[in-house]
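The values are calculated or read from the model by the stated rules, or taken from the named source; none is laboratory data. As the structure is a computational prediction, the values presented were derived from the model and not from experiment. Cβ sites come from the backbone with ideal geometry, for glycine too, and all protein chains shown count toward neighbours. Keep in mind that these areas ignore ligands, DNA and RNA; they rest on the heavy atoms of the full protein, side chains included. Shrake-Rupley method; radii C 1.70, N 1.55, O 1.52, S 1.80 Å.
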Amino acid sequence: MEGLDLGALFLQFLILWFLAIGGPSTIFPDIHRYVVEAHHLLTGEQFAEIYTVAQVAPGPNAMYVTLIGWYLAGWKGVVATTIPLLVPATTLTMFVGHLNERYPDAPIFRAIRRGLMPITIGLVFASAMILMRTVNHDWRGYLITLVTVAVVLRKPWNPLWLFAGGALAGILGFV
Amino acid sequence: MSDQTLEQQKLLTTSVTPLQLFVAFSRISLSSFGGAIFWARRELIERQRWLTERDFLEIYTLGQLLPGPNVLNLTVMVGYRFAGWSGAASAVAGFLGWPCLVVVGMGILYQNYGQLPYVQQALGGMSSVAAGLLLATVIKLAAVLPRHFRPWLFGALAFIGVGVMRWPLLWVMAALAPWAVFATWKYE
């Protein structure tokens, strides 16, 4: 690891998050490039490990940047990598949210909301398909996914039970 | 999941305090295994009944146009809608505060126990469930689309562009979004 410049890391992450239109996955390659390839702050294996842990942890998947900060510099690192994630949401989004609440009937907001809704659905569907293909290696994985869909659509049970079931199926060697 | 359920959905919003927002978004983020959108939808629409499916989808759509995690943008806008600036701040504190601590805790646990085979196997099973939750969410959300060819066409094009062709999201949005907004503006 070369000398770690937390200020530079903070600035770089800040710029990247402002570019993250469409969600965190759009800047994932750039974060990887900065942390692993350009500055050798982490190895590729460490980066992959951090990413996996953050996927499993509760909370938004983007929290892997928090864990990068923790690995690099403890709590100071957490601050340096997590605050940038918050800045666009607390400035730009607040502003747009404010305008949207204030002028809910403005034709432009109405057209944006109504017109883009189906695109949002298409995108979430695409994410679901990509995730399903990534995590399921054979028919047994797909079966668990489909049973989950059926249960969620038909029963009001808390899906945390489904996670417990999935974990158990994994431990018993089903997946 | 018919049009009827949408119209019937009764909202229970009299007033929502910043504390209620903090608690609701804490619960969303602490249950959010494998993506937050499923849990946000469940809490805000089904449990608290603060939003209808359509409200949720509209706010989420705006959030997707703005930079940063989509559900975080939704958090800010929902907090602001119900309790102004302090509502937004409380919702964000609930949504991001806990995961910060938890993810670090899990990082430490993983460094110690991550190589155990049982842990890997359990994670495998849980990921399959997470994929199912996301799929169920989109099926429920799609029920609000009008029964008309145009929205379904745009939805299908977005899915094909990102999910099948694997083109970058920004290009797909740049190609489809102006067209979709214009068509809605003109014909609705």
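Below, the figures for the structure above:
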{"item": "Partner chain coverage, peptide A:8-15 - average Cβ within 10 angstrom", "result": "0"}
{"item": "GNM top mover of A:P156, A:P88, A:P29 - chain A, alpha-carbon springs below 10 Å", "result": "A:P156"}
{"item": "Nonlocal amide H pairs with A:I21, under 5 Å, H built at 1.01 Å", "result": "B:G68"}
{"item": "For chain A: relative contact order, % (alpha-carbon pairs under 8 angstrom, 6 or more apart)", "result": "15 percent"}
{"item": "Whether region A:11-92 is rounded, prolate or oblate, judged on the alpha carbon gyration tensor where a/c under 1.5 counts as rounded", "result": "rounded"}
{"item": "Karplus-derived 3J(HN,Hα), 6.51/-1.76/1.60, for each residue of region B:112-117, Hz, glycine and proline x", "result": "8, 10, x, 8, 4, x"}
{"item": "Karplus (6.51, -1.76, 1.60) ³J(HN,Hα), θ = phi - 60°, over region A:58-67, in Hz, Gly and Pro reported as x", "result": "x, x, x, 4, 5, 5, 4, 5, 4, 5"}
{"item": "A/B buried area, accessible surface, summed, 1.4 Å probe, Å²", "result": "8100 Å²"}
{"item": "Cβ neighbours within 10 Å from other chains - mean over A:90-102", "result": "6"}
{"item": "Chain B shape via C-alpha gyration tensor axes, a/c threshold 1.5", "result": "oblate"}
{"item": "Length-normalised contact order for chain B - Cα pairs under 8 Å, 6+ apart - percent", "result": "23 percent"}
{"item": "Angstrom value of the Kirkwood radius, inverse mean 1/r, which spans all Cα pairs in the protein assembly as shown", "result": "21.0 Å"}
{"item": "Convex hull volume per residue for chain A, taking Cα atoms only, in Å³", "result": "165 Å³"}
{"item": "³J(HN,Hα), Karplus 6.51/-1.76/1.60, whole Hz, each residue of region B:85-99, x for Gly, Pro", "result": "4, 5, x, 4, 5, 5, 4, 5, 4, x, 6, 10, x, 5, x"}
